[in-house]
Amino acid sequence: MEYKTTHESIASQEDKPFTPEQANYLAILYKDILNEAITPKSETSAQNEYMRFKLKFSDRCVGTLARHFYESFGVAQKLTKNTTSKLISDAKYNQKFDKKFAKAWITSNNKFLKEYRAAKAS
């Protein structure tokens, strides 16, 4: 069967957990929207562009936002390979970005960083 997009191919398969590569790609596609959601007072604002989107981790994630999505946020949102693929497809082909989703992603990352820094300081 011929598929027009990668999302159609993924959607036709058994749904599984999303991959680090999907988290990386979604973070890059949402880069501008995510940066807009970061306020100067937020915990994430302390991270520079390199840390947020280019720092490579051993779990194949690239950037702290992709890693947070892969390890925490995406799991908490109960996202799967198919739902993540749909977000990627909407952003890439339709230029549809979910600003509420991006804001929730940054809010979750801020909460994680605040708790992490507090635990580290103790």
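Any read-out appearing in this document is the output of simple, stated calculations on the displayed coordinates, not a laboratory observation. Remember, it's a predicted structure, so these values are computed and weren't measured experimentally.
Just a few scattered comments:
- For the chain, the longest principal axis of the Cα atoms and the long axis of helix 20-29 meet at an angle of about 80 degrees.
- Across the range 15-116, the mean sequence separation of Cα contacts (distance under 8 Å, 6 or more residues apart), normalised by length, yields a relative contact order of 42 percent.
- Prolate/oblate/rounded label for the range 14-91 (Cα gyration tensor, a/c 1.5): prolate
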